[in-house]
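Report on one structure; see the data block that follows.
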Number of protein chains: 4
Amino acid sequence: MLSFECDYNKGAHNRILERLLETNEESLSGYGSDKYCAMAKEKIRAYCGKPEAEVHFLTGGTQTNQIVIDALLTKYQGVIAAETGHVSIHEAGAVEFTGHKVITLPHLNGKLKTGTVREYLERFYGDENHEHMVFPGMVYISHPTEYGTLYSLEELKELSKLCREYKIPFYMDGARLGYGLMSHGTDVTLPDIAELLDVFYIGGTKIGALCGEAVVFTHHNTPKYFLTTVKQHGALLAKGRLLGVQFDTLFTDNLYMEISRNAIETADVLKKILREKGYPFFIDSPTNQIFIVLENERLESLKKQVKVSFWEKADEEHTVVRLATSWATAMEEIEALRELL
Amino acid sequence: MLSFECDYNKGAHNRILERLLETNEESLSGYGSDKYCAMAKEKIRAYCGKPEAEVHFLTGGTQTNQIVIDALLTKYQGVIAAETGHVSIHEAGAVEFTGHKVITLPHLNGKLKTGTVREYLERFYGDENHEHMVFPGMVYISHPTEYGTLYSLEELKELSKLCREYKIPFYMDGARLGYGLMSHGTDVTLPDIAELLDVFYIGGTKIGALCGEAVVFTHHNTPKYFLTTVKQHGALLAKGRLLGVQFDTLFTDNLYMEISRNAIETADVLKKILREKGYPFFIDSPTNQIFIVLENERLESLKKQVKVSFWEKADEEHTVVRLATSWATAMEEIEALRELL
Amino acid sequence: MLSFECDYNKGAHNRILERLLETNEESLSGYGSDKYCAMAKEKIRAYCGKPEAEVHFLTGGTQTNQIVIDALLTKYQGVIAAETGHVSIHEAGAVEFTGHKVITLPHLNGKLKTGTVREYLERFYGDENHEHMVFPGMVYISHPTEYGTLYSLEELKELSKLCREYKIPFYMDGARLGYGLMSHGTDVTLPDIAELLDVFYIGGTKIGALCGEAVVFTHHNTPKYFLTTVKQHGALLAKGRLLGVQFDTLFTDNLYMEISRNAIETADVLKKILREKGYPFFIDSPTNQIFIVLENERLESLKKQVKVSFWEKADEEHTVVRLATSWATAMEEIEALRELL
Amino acid sequence: MLSFECDYNKGAHNRILERLLETNEESLSGYGSDKYCAMAKEKIRAYCGKPEAEVHFLTGGTQTNQIVIDALLTKYQGVIAAETGHVSIHEAGAVEFTGHKVITLPHLNGKLKTGTVREYLERFYGDENHEHMVFPGMVYISHPTEYGTLYSLEELKELSKLCREYKIPFYMDGARLGYGLMSHGTDVTLPDIAELLDVFYIGGTKIGALCGEAVVFTHHNTPKYFLTTVKQHGALLAKGRLLGVQFDTLFTDNLYMEISRNAIETADVLKKILREKGYPFFIDSPTNQIFIVLENERLESLKKQVKVSFWEKADEEHTVVRLATSWATAMEEIEALRELL
């Protein structure tokens, strides 16, 4: 059975498991205060080109979004997100659980346009009754987005400028950040992100780790007593080494970028195959998620040999499905899939 | 200065203040356990034609929405509302504050269409990933809506049927319920509402009371220990008599309906005047809220003599404003306004 | 039937109802922006001797405690209170509902001793693991306390000094503040309180009002967008005039203090009677709440003619009961009670 | 440097890392739906002697307590715990964060006595004002407790009976459950726990795993849509295999029990040494945590060669410290410590 249903169906990169074994017998202090966490943080800061950045490790994406958003918002504020945003749709209300509204705005291919956000902010502050409404306290984007699309450097600069104008933090969900950085089309680098965003996270779960996301506060803006906030949310790992060793390995010898590139390269080949075979694309994604439209019958027969993700109904007879490559996809799997298509 | 900016700019109906004076020296037990609360509840039950209905008093609309929604939703559920719904826009996130998402759907003239809700529910349960999403646990409507529009009996029946099909409560925000019931065009009665809704409230603040809303659970479905929930939300009034006496008065000698009718009658005359004078209507509201489009200059000069509510910008040169009549509007005020227009 | 079970069993002072009638027809803006609120605030500031104080009106005590505490605490903080404190025991978890812990410390006659609080704070910050604990972010006291007892000026000064040393706000629940201020034994004035506390409230519900508490932030320390926070908690009254008119009346011609004195004077006579008749006191309260120990049989027979409050079981055969006088207690009621005892 | 400061300073048991390596390349479905989770659950059910038990995996102890308590409590309820309970003191308010009060009762050596709980429950329901208070909705104990002490079978039976009498769930925090089960003195087995408790967790983080706790609902009482609740709390691991493989390994060939026994055996030798050397014990713990009283000077010199945990000040000149053995402690480490003492 071939598996293209997601980018988290394999374990971890082998080097990570090896490092866990090597360091296993060491007696290390808990809660992220060990030397591997320190080393990983140092390397991430270097990759970001931001010596003053502060790095924290959490275990998963929804957890990270919940904690970062709750920690940065004032109690009467909400977070602006695209109506397709992960925090808005697919996190079981984790943000609202902490008392904050997700203020949803229309998207374009999964992206928030600066104009849309600006118009919202102007209308909000122009409304005489805005003190009876939830204050917009943050802008959330994901990069790549839910649709695999990417912001251009210019778009990020504009959104960043807008957020700074309104003095609200600009936050990037980077669950698949590596895939965005290694995409051929992108003009956005990690230092760009560290410069333009107030906080973002570098996703590990979907790129080579067993679990783990690295949150980066870019300018000494970690909320006070952040460890206490993490604990309060039930998210403080006793054996912080599990996250430290993983990220230290991912940011040694450029591993994170290299394995991210693998997902892009295998996706490129797969897209070419799909194009050649005449499968219509639902959206043109430059990263590792590929969305195509299939006849329902074709889908049923395909599903016997390949795992893919249901995305949405296109019409009565067609379905949008997602195929994802990942850090672990072998070119042989692409070839095997070519045979089936 | 004439005042048409809202329906809560006057105090209370005189009979209410008289009753408060008459009963003032009586020693009464607290927290809603007094005889006036009991009498008011009995009268409301009779008006609803539902002897088994349970009635509770709260002080304001946002408070009522927050408590009813929080008390009825399971922790992982959200409430479905029109994207223009009061709970969605104008309550400062009071619902999210309790941990629940407001799931917003498109509206038609402020109303939720059954088809829209049904499609949402079907898509939700049809989505293989729906356990990663907020469960829809309630349908919220307001009647009249934010735009002063009304549901027909047929529409309420359909929504009620849908909610019962999905086993989720159907809740009506009746902040201006009297104005809805007394509207000429309506075919919806209070017993209809008590039959079709699982819970609703009869608004007092905007119809003759100093404060107060009467929540009606229509079929022995008051959540267990509701008093404790009310207290936990900071909403339990020590001197429950303040609410009991007011609602007992409002539901004596048909006062609530009569004063509601006054708002409709004065609104009707005002609408006729506006139509004659050629003011374009933004929406056709059958109740006490009238929405017209004014040139910005005209608005500026008008505002020197009449208070009206800013609603939204129509375009660069025009503004939508709301004029509201109320239980307390005198026909003389309408005449005075006619002079100005 | 005589009623001594609480201090909120009567309506409002007559002058309040008269003022509500007099102002009833005026068209006033909503949400506390009317002129009566402004006038009341000005008068309260003058009484406090603090021109820079900021005053806000809310409807009830639990609501006020919930909102003030939630608005002032950072998300990872809790509030320190005596284990007998109202916020700890009798508010149905209204503080925890907002996500904050009530950190309870031992009391002496209902009061928090400075030494107890200091020891707690020192131990907290001395604990190497304190980042895994709830941070103490505020000190809450009630004055009078749940037992009717009062802090001395010296005690308030010490607690205030400690709070300022640790940079945490010092908050007083003044549900019965007037009774505390008018007690014979007290050396604490309203200006003292405005000087030593960061925030406190002047209770109206238990002293002459139908509902209402006046929150005073003493040094320009109202949390930003407090109106939004109040709305978010479901506590913003549309007709703010109801609170404004009441407090304006209470702080005109010294009414609040005079009617508070009535409770103290009637309580004094009642205490004298009880002492003469040999009833043992459970605690020596200098305010309007009187706690005595009764044989269960005596209590049963008494309850047929007088309403009193059950406080707690003393032992198998005795019960502690509370008798409360109030702003509305007539000396004739005391005399009638004397006959029964 | 010797390390006795806690039982989570080493990585994982080697067999766990080996199994992670062996299964690493397999393509597995996410969120706990993989075969290793299924196998682990089956084995745990067998160990519990409860085929109908339902098992779920979470990553850490505070997270587990937060989610189980929040999922089982009705919104107006709190959880009863010893005032020394982990949920009460050392979880940064994670329970209050979800809106629930921790109702603290006095302890005896870290344990809740049935009499104490019964008296509380009787007083609560006997109080006429209990609807103004937080309802006790659950009893929380830890086994071993914070002090390493254990409940006897008789004590668990009594508490269980009481909880069933009051129809509230009885929950055991088993962060160190293995150490409790392998203690020489205990008469409590895992099947006993599965019989008497409504829900409990088997701790992995402190017993051989990198992370992970196995929650057991003992009688088909998993709250509905528990996966959604876990996601809402930010605790749903995408690669559930990380937990499944670990627990499957721990419950294969009795590994969990065997490595737990190692902690007990090394602790026994250490206790004997301490006794021989005349160190006074702070409390008599039958499990892997040992509490002794040291002169401050002695402690300072000791800390240069051994890591121990500060527990609390005994007096000005003495400190209570905790030494913990674990699943990973080697007898050589005990010998090395003997030399130093």
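For this structure, a couple of remarks:
- Per the conditions (1) at positive phi; (2) in contact with a strand residue (DSSP E or B) (Cβ under 9 Å, 6 or more places away or on another chain), the sole criterion not satisfied by residue D:167 is (2).
- Any hit, the range A:52-61, residues being over 24 Å from the mean Cα position of the chain (by Cα) and not hydroxyl-bearing (Ser, Thr, Tyr): no
- Within the range D:1-26, the set of residues being within 11 Å of chain A (Cβ to nearest Cβ), under 28 Å from residue D:179 (Cα atoms) and part of a helix (DSSP H, G or I) comprises D:14, D:16, D:17, D:18, D:19, D:20, D:21.
- Note on the range A:62-77: residues that are touching a residue at least 60 places away in the same chain (Cβ under 8 Å) and open to solvent by less than 20 Å² (accessible area, probe 1.4 Å) amount to 9.
- Enumeration of residues in the range D:313-340 that are of a type in the set (Gly, Ala, Ser) and closer than 22 Å to residue D:262 by Cα: D:324, D:326, D:328, D:330, D:336
- If the condition is being in a helix (DSSP H, G or I) and either within 14 Å of chain D (Cβ to nearest Cβ) or within 27 Å of residue A:64 (Cβ to Cβ) (or both), then the range A:107-117 contributes A:114, A:116, A:117.
- For the range C:245-257, a residue qualifies if it is open to solvent by 10 Å² or more (accessible area, probe 1.4 Å) and not in a loop (DSSP other than H, G, I, E, B), and exactly one does: C:257.
Okay, residues lined up against (1) touching a residue at least 40 places away in the same chain (Cβ under 8 Å); (2) at the interface with another protein chain (Cβ under 8 Å from one of its Cβ atoms); (3) surrounded by fewer than 24 Cβ atoms within 10 Å (Cβ to Cβ):
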position	(1), (2), (3)
D:28	yes, yes, yes
D:34	yes, no, yes
D:42	no, no, yes
D:47	yes, no, yes
D:58	yes, no, no
D:85	yes, no, no
D:93	no, yes, no
D:102	no, yes, no
D:105	no, no, yes
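- Contacts under 7 angstrom Cβ, first residue in the range D:313-340 being of a type in the set (D, E, K, R), partner part of a helix (DSSP H, G or I), 6 or more apart: D:317/D:296; D:338/D:273
- For residue C:122: the one exception among (1) touching a helix residue (DSSP H, G or I) at 6+ places or on another chain (Cβ under 8 Å); (2) in a helix (DSSP H, G or I): (1)
- Within the range A:182-196, restricting attention to residues that are free of Cβ contacts under 8 Å to residues at least 60 places away in the same chain and either farther than 12 Å from residue A:155 by Cα or out of contact with any His (no Cβ under 9 Å at 6 or more places or on another chain) (or both), the residue that is most open to solvent (accessible area, probe 1.4 Å) is A:187.
- Criterion violated by residue A:205 - all others in (1) among the hydroxyl-bearing types (Ser, Thr, Tyr); (2) within 28 Å of residue A:326 (Cα to Cα); (3) not in a loop (DSSP other than H, G, I, E, B) satisfied: (3)
- Some residue of the range D:223-244 being in a strand (DSSP E or B) and open to solvent by less than 10 Å² (accessible area, probe 1.4 Å): no
- Pair list, Cβ under 7 Å, 6 or more apart: the range B:155-173 residue assigned to a strand (DSSP E or B), other residue among the charged types (D, E, K, R): B:170/B:198; B:171/B:198
- Index of the failed condition, residue A:245 passing every other in (1) at the interface with another protein chain (Cβ under 10 Å from one of its Cβ atoms); (2) closer than 30 Å to residue D:99 by Cβ: (2)
- Checking the range C:122-129 against the condition returns no match, with no residue being under 28 Å from residue A:98 (Cα atoms), within 14 Å of chain D (Cβ to nearest Cβ) and crowded, with 18+ Cβ neighbours inside 10 Å.
- Filter pass, residue A:147 being within 15 Å of the chain's Cα centre (by Cα), buried (at least 24 other Cβ atoms within 10 Å of the Cβ) and more than 14 Å from chain D (Cβ to nearest Cβ): no
- Conditions (1) open to solvent by 10 Å² or more (accessible area, probe 1.4 Å); (2) touching a helix residue (DSSP H, G or I) at 6+ places or on another chain (Cβ under 8 Å); (3) without any contact (Cβ under 8 Å) to a residue 60 or more places away in the chain: number failed by residue B:22: (2)
- The listed residue being within 24 Å of residue D:233 (Cβ to Cβ), modelled with pLDDT of 95 or more and of a type outside the set (Lys, Arg), out of B:168, B:141: B:168
- Entry remark, the range C:130-140: residues being crowded, with 19+ Cβ neighbours inside 10 Å and assigned to a helix (DSSP H, G or I) number 1 in total.
- Scope the range A:27-54; condition outside any helix (DSSP H, G or I) and farther than 30 Å from residue D:328 by Cα; matching residues: A:49, A:50, A:51, A:52, A:53, A:54
- Among (1) in a helix (DSSP H, G or I); (2) away from chain A (no Cβ under 14 Å); (3) open to solvent by 20 Å² or more (accessible area, probe 1.4 Å); (4) not small (Gly, Ala, Ser), the one test that residue D:220 misses: (1)
The values are calculated or read from the model by the stated rules, or taken from the named source; none is laboratory data. Note that this is a predicted model, so its numbers are computed, not measured. Heads up, the Cβs are rebuilt from the backbone with ideal geometry, glycines too, and the neighbour counts pull from every protein chain shown. Just the protein is used for accessible areas: all its heavy atoms, side chains included, with ligands, DNA and RNA removed. Shrake-Rupley method; radii C 1.70, N 1.55, O 1.52, S 1.80 Å.
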